[in-house]
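**Student:** Handing you this structure, nothing more for now.
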Amino acid sequence: MSRISVLKGKSPDYLRALADSLHAAMVEAFNVPPTDRFQIIHQHEPHELIFDRAYESQGGPRSDDFVMIAITAGKPRSTETKQAFYRCLVRRLAEAPGIDPRDVMVVITTSLGDEWSFSGGAPAATLLRGAGS
Amino acid sequence: MSRISVLKGKSPDYLRALADSLHAAMVEAFNVPPTDRFQIIHQHEPHELIFDRAYESQGGPRSDDFVMIAITAGKPRSTETKQAFYRCLVRRLAEAPGIDPRDVMVVITTSLGDEWSFSGGAPAATLLRGAGS
Amino acid sequence: MSRISVLKGKSPDYLRALADSLHAAMVEAFNVPPTDRFQIIHQHEPHELIFDRAYESQGGPRSDDFVMIAITAGKPRSTETKQAFYRCLVRRLAEAPGIDPRDVMVVITTSLGDEWSFSGGAPAATLLRGAGS
């Protein structure tokens, strides 16, 4: 499950391309089933989305296209998998909707497999054999 | 602490019933004190809340009543407790505001007891003997 | 990375002061680099932000100035550091924008150092030697 935060002013088509590319990267490089797609987009006024724009120790510079992607994952991944995912993600977002890789920030939080119920009050384990996204 | 995400278009009464039923389920089945109630509702345009509508491996089908409930818990619970909570939650949401259990998704993230301060800069432990929600 | 949730009706100047004080407290007492500033503000209608207003076991009473601060941290901190941070935070928020400490709630979730990419698809570790905020 992902939360995507951007500044207001992007078109629905732009946001759809952003979400599509994020999901494609998760399927390609983060071991997520294609049908495990749950994404929430939050759009913000300039004074509601505060980020370091300068080129500093954490990367950048960042523009009005800055996107914060907060992912809640349902199982652990190796450092190598995470790093490959970051690279895949920025490549896909550069292709569509055309976001500069420097504008992409990712934060992953990992919860346990039994902390997910996708539907019907059923534990995720019975549906997915332990694999939440 | 819970974040509830739904599509725009629900009435305040509907949202209140949804939040009430979530809280009742947490008190009944998730070992949360009645006064520990902190809920945030996010309402979204259709292109801002993306979810798998088909009947697939993760359950469903899902409708415009889909609700994503993201809970940050303050102490570990057993798998049995979590599973009983999911069942209690979908039963209560079916009663009020009348949500199909297939439209209910839950994700829990568990943080540590010392990662909560409910008020006044005081650690939660002194208030609750270690029990955040 | 922090999410700040408040009731609608605050001015941009108020929100800026709130975010500034939060960041100052994180730099002063939570071991965060000054340039590591990423904050998202969510503003809510009264029926979208539900909190216990009474004086109860979790503190309070709470007013319309209630603020929920959800922090995703990138490395573990000691209980002592967390508790000093809570005290520093409510002191600074009382100074500016002038929030009663009883109206401040904090929840921290800690993820791993390799779960952060600040920019460019690069792992945070190469930028920050393992230290996300």
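All of the numbers you see were taken from the coordinates with simple rules; none came from a lab. Owing to the predicted nature of the structure, the values given are computational and were not obtained by experimental measurement. All Cβ positions, even for glycine, are placed from backbone atoms using ideal geometry, and neighbour counts span all protein chains on display.
**Student:** Calculate the mean, over all residues of peptide A:80-86, of how many other protein chain Cβ atoms lie within 10 angstrom of the residue's Cβ. Could the numbers behind the result be given before it?
**Tutor:** Working: counts 1, 1, 6, 7, 1, 2, 10.
Per residue, the number of nearby Cβ atoms from other chains is 4 on average.
**Student:** Further, regarding this structure: Could you list, bin by bin from short to long, the percent of Cα-Cα pairs of region B:30-89 in 10 Å steps?
**Tutor:** Taking all Cα pairs of region B:30-89, the binned fractions are 15, 40, 34, 11 percent.
**Student:** Now a separate question. Over every pair of different alpha-carbon atoms in chain A, take the mean of 1/r and invert it; report that Kirkwood radius in Å.
**Tutor:** On the way: mean 1/r = 0.0642 Å⁻¹.
Roughly 15.6 Å, rounded to one decimal.
**Student:** Further question: Based only on Cα atoms, what mean projected area does the convex hull of the protein assembly as shown have, in nm²? Present the calculation step by step, with values, prior to reporting the outcome.
**Tutor:** Details: hull surface 67.1 nm².
With the hull built on Cα positions only, its mean projection is 16.8 nm².
**Student:** Of A:Ala70, A:Ala29, A:Ala54, which is the most mobile in a GNM of chain A whose springs link Cα atoms less than 10 angstrom apart?
**Tutor:** Looking only at A:Ala70, A:Ala29, A:Ala54, the largest GNM fluctuation is found for A:Ala54.
**Student:** Where does each of C:Phe38, A:Phe118 land when they are ranked from fewest to most other beta-carbon atoms within 10 angstrom? Don't skip to the end; give the middle numbers.
**Tutor:** On the way: C:Phe38 22, A:Phe118 30.
By the 10 Å Cβ count, ascending: C:Phe38, A:Phe118.
**Student:** Modelling each spin label as a point 7 Å along the Cα-to-Cβ direction, I'd like the B:Ser78/A:Arg53 distance in nm, to one decimal.
**Tutor:** Label-label distance for B:Ser78 and A:Arg53, simple model: 5.5 nm.
**Student:** What is the set of long-range amide H partners of C:Thr109 at a cut-off below 5 Å, with H atoms built 1.01 Å from backbone N?
**Tutor:** Under 5 Å from the amide H of C:Thr109 lie the amide H atoms of C:Ile71, C:Thr72, C:Ala73, each far enough along the sequence or on another chain.
**Student:** Please turn the phi angles of region C:64-78 into ³J(HN,Hα) values with the Karplus equation 6.51 cos²θ - 1.76 cosθ + 1.60 (θ = phi - 60°), one per residue in order, whole Hz, x for glycine and proline.
**Tutor:** 5, 8, 3, 10, 9, 10, 10, 10, 9, 9, x, 7, x, 10, 6
**Student:** Right, something else. Give me the angle, in degrees from 0 to 90, between the Cα long axis of helix A:12-29 and the longest principal axis of the Cα atoms of chain A, rounded to the nearest 10.
**Tutor:** Result, in degrees: 50.
**Student:** List every residue whose amide H lies under 5 Å from the amide H of B:His44, counting only residues 5 or more places away in sequence or on a different chain, with H placed 1.01 Å from N in the peptide plane.
**Tutor:** Excluding prolines and chain starts, which carry no amide H, the hits are B:Val6, B:Leu7, B:Lys8.
**Student:** Would you mind giving the mean number of other chain beta-carbons within 10 Å of the Cβ of each residue in C:98-110, as a whole number? List each step's numbers first, then the result.
**Tutor:** Values: counts 0, 0, 2, 5, 5, 2, 5, 8, 8, 13, 7, 10, 4.
Across the residues of C:98-110, the mean count of other-chain Cβ atoms within 10 Å is 5.
**Student:** To make sure I understand, if each residue's beta carbon is the centre and we count other beta carbons within 10 Å, what order do B:Glu95, A:Glu28 fall in, fewest to most?
**Tutor:** Details: B:Glu95 12, A:Glu28 15.
Listing B:Glu95, A:Glu28 from fewest to most nearby Cβ atoms yields B:Glu95, A:Glu28.
**Student:** Calculate how steeply helix A:79-95 sits against the longest principal axis of the alpha-carbon atoms of chain A, using the helix alpha-carbon long axis, and give the answer as 0 to 90 degrees to the nearest 10.
**Tutor:** So the helix axis and the longest Cα principal axis differ by about 50 degrees.
**Student:** Please report the net charge: other residues with Cβ closer than 10 Å to the Cβ of C:Phe85, K and R +1, D and E -1.
**Tutor:** +1
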